[in-house]
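The structure appears below as C-alpha cells.
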Amino acid sequence: MEDPKNAAKIEMAASELIEEARSANLPAFISDRLAKLQILINMITDEEWQLNEDERASILGALYYFINPEDLIPDNVPGIGYLDDAIYAEIIIQELKTGIKMYREFCQFRIAEENRRRNRGLDPHVGREDWIADKRAVLHSRMRERRALRTGGRGWRMRLL
C-alpha cells in the first residue's frame, strides 16, 4: 500500500518541476515533454477517476524519477540536465497513452454531462456518482484490456530506480 504522505510529496515536487520547466529557458523538446507530465498528476489526483493502487504506484514511480535531481543526468547540468527527464517523459507518455486517452475521454464526458444536466435544469451533483461510475467503469475496463493486449500485462518502460 502506498504511503499517502510520500505520494503527496511526489505529486507536489513533480508539479513544481513542471512549473520550473515552464518558466525556464529550456529547449522546446524538453519543456514540451515535461509539461505533458501534468496529465499524469491529474490522473492520480482526480478522486473521480479512481485509479487502482498498482496504476497509481506506477505513475508515482515514473514521477519520482523526475523529482530526483541526481538522476541519470543531474538536473543542474546546464543545457542538458533535463534531457534524460524529457526522454523518460516521452517513454512514460507513450507507455500510458491508452490510459491518458481514456482519462481525457472521462474528463470530456464529465464536463459534457454536467453541462447537459444544467441545461435541463437538473443539479449535476444529484446522482453524480452513479453516472460517473458507469462511464469510469467502461473506460477503466477498456484501458486495462488494451494495456493487457498490447503488453501482455507488462509495461515496457525501463526501470531506472
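Other residues whose C-beta falls under 14 angstrom from the C-beta of ALA24 contribute a net charge of -4, scoring Lys and Arg +1 and Asp and Glu -1. Can you give the net charge of the other residues whose Cβ lies under 9 Å from the Cβ of ASP71, counting K and R as +1 and D and E as -1? Charge balance in the 9 Å sphere: -4. Taking every alpha-carbon pair under 8 Å whose residues sit at least 6 apart, the chain reaches a relative contact order of 23 percent. Computed over the range 4-151, the percent of Cα pairs more than 20 Å apart is 54.
Take the Cβ-Cβ distance between ARG104 and SER15 as r, set R0 to 22 Å, and report the resulting FRET efficiency rounded to the nearest 0.05. Result of the calculation: an efficiency of 0.70. Its Cα centre serving as origin, the range 4-151 has a Cβ charge dipole (Lys and Arg +1, Asp and Glu -1) of approximately 800 debye.
Taking a sphere under 10 Å around the Cβ of CYS107 and counting the other residues whose Cβ falls inside, with K and R at +1 and D and E at -1, yields a net charge of -1.
For the range 14-72, trypsin sites (Lys or Arg not before Pro) meeting the loop criterion (DSSP other than H, G, I, E, B) and having at most 12 other Cβ atoms within 10 Å: none. For the chain, the longest piece that avoids every one of the GluC sites (Glu not before Pro) found in DSSP loops with at most 10 other C-beta atoms within 10 Å covers 71-161. Computed from backbone phi, the HN-Hα couplings of the range 82-98 come to 9, 4, 5, 5, 5, 5, 5, 4, 4, 5, 5, 4, 5, 5, 9, 4, 5 Hz, rounded to whole numbers (Karplus: 6.51 cos²θ - 1.76 cosθ + 1.60, θ = phi - 60°; Gly and Pro given as x). When the trypsin sites (Lys or Arg not before Pro) in the range 93-153 are filtered for DSSP coil states and for at most 14 other beta-carbon atoms within 10 Å of their beta-carbon, the remaining sites are ARG120.
No value in this document is a laboratory result; all are computed from the given coordinates. Just so we're clear, the structure is a prediction, and the values are computed from it rather than from any experiment. Positions of Cβ are generated from backbone atoms using ideal geometry, with glycine treated the same way; all protein chains shown enter the neighbour counts.
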